[in-house]
Amino acid sequence: DAGVIQSPRHEVTEMGQEVTLRCKPISGHNSLFWYRQTMMRGLELLIYFNNNVPIDDSGMPEDRFSAKMPNASFSTLKIQPSEPRDSAVYFCASTPWGTGELFFGEGSRLTVL
Amino acid sequence: SQKIEQNSEALNIQEGKTATLTCNYTNYSPAYLQWYRQDPGRGPVFLLLIRENEKEKRKERLKVTFDTTLKQSLFHITASQPADSATYLCALDDPYGGATNKLIFGTGTLLAVQP
């Protein structure tokens, strides 16, 4: 299995631009999570989906952030407009129902200038 | 809300010694607790899961203990090797997350094993 696939691995953009991060979960996994990691705050859960349905988006910082999961094999996290404080590594993770462990992608490092 | 505390200072030990990392939580006791390893520039990788009714779990050179009275988990690596050098993250399930695997992570402890 290829594991969780994220793209792009690195993104450098200017303040105000739209950023779209992509994730392909492991086939057969029912739950998908978006986390953000910074030195100061560690790994923070932004949003998660069960069977493609958003369950809890209480971690999404503000309306500039949105996430979708149109089907079981694809999810996006969009930031519009981006700001320098959004600079972080964004991780996508998936898990099959009931096992507990998360399978993480390699992350998308975002730098907003 | 739940707070997870891991030693923010790096842990430096000699090769061959046992490394012990600590994870403390402040509020509710989770149904289970997990440990992950993260290498620079990579995503976290699952290591071990221990449930609230388990006191100890082992996997090769790894051992995890879970004390719900102390609200603490200890993570041990015996016969440590330089290849064990990484950041180790503790994670707890969120009981308000519904019937799913919603995890809250600590900020991690950096382990450096010197040859």
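Quick one: which strands (runs of 3 or more DSSP E) sit completely within region B:1-111 and have at least 3 residues that are of a type outside the set (A, V, I, L, M, F, W, C) and touching a strand residue (DSSP E or B) at 6+ places or on another chain (Cβ under 9 Å)?
B:19-25, B:32-38, B:56-59, B:62-67, B:72-77, B:86-93
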Task: Only listed residue being within 14 Å of chain B (Cβ to nearest Cβ) and at pLDDT 95 or above, chosen from A:89, A:19 - done: A:89
- [ ] Go through region A:12-40 residue by residue and tally those that are closer than 17 Å to residue A:78 by Cβ, buried (at least 18 other Cβ atoms within 10 Å of the Cβ) and in contact with a Ser or Thr (Cβ under 9 Å, 6 or more places away or on another chain).
- [x] 7
Open item on the list: List the residue pairs whose Cβ atoms are under 8 Å apart, where the first residue sits in region B:66-84 and is within 17 Å of residue B:55 (Cα to Cα), the second is at pLDDT below 95 and assigned to a loop (DSSP other than H, G, I, E, B), and the two are 6 or more positions apart or on different chains.
Closed with: B:66/B:52; B:66/B:54; B:66/B:55; B:67/B:55; B:68/B:29; B:68/B:52; B:71/B:26; B:71/B:29
Open item on the list: Looking at region A:68-95 only, could you name the residues that are part of a strand (DSSP E or B), out of contact with any Asp or Glu (no Cβ under 7 Å at 6 or more places or on another chain) and among the aliphatic types (A, V, I, L, M)?
Closed with: A:69, A:77, A:88, A:89, A:93
Open item on the list: Please verify whether residue A:109 is surrounded by 21 or more Cβ atoms within 10 Å (Cβ to Cβ) and in contact with a Gly (Cβ under 9 Å, 6 or more places away or on another chain), treating the condition exactly as stated.
Closed with: no
Open item on the list: Among the numbered criteria (1) within 14 Å of the chain's Cα centre (by Cα); (2) assigned to a loop (DSSP other than H, G, I, E, B); (3) among the small types (Gly, Ala, Ser), which one does residue A:28 miss?
Closed with: (1)
Open item on the list: Please go through region B:1-40 and give me each residue that is in contact with an Asp or Glu (Cβ under 8 Å, 6 or more places away or on another chain), under 17 Å from residue B:86 (Cβ atoms) and within 14 Å of another protein chain (Cβ to nearest Cβ), ordered by number.
Closed with: B:23, B:34
Open item on the list: Quick check on this structure: which one of B:92, B:48, B:74 is more than 8 Å from chain A (Cβ to nearest Cβ) and closer than 24 Å to residue A:55 by Cα?
Closed with: B:92
TODO: Kindly indicate whether residue A:46 is buried (at least 16 other Cβ atoms within 10 Å of the Cβ), outside any loop (DSSP other than H, G, I, E, B) and more than 14 Å from every other protein chain (Cβ to nearest Cβ).
DONE: no
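The values are calculated or read from the model by the stated rules, or taken from the named source; none is laboratory data. Because the structure is a prediction, the values reported are computed rather than measured. We place every Cβ from the backbone using ideal geometry, glycine too, and count neighbours over all the protein chains shown.
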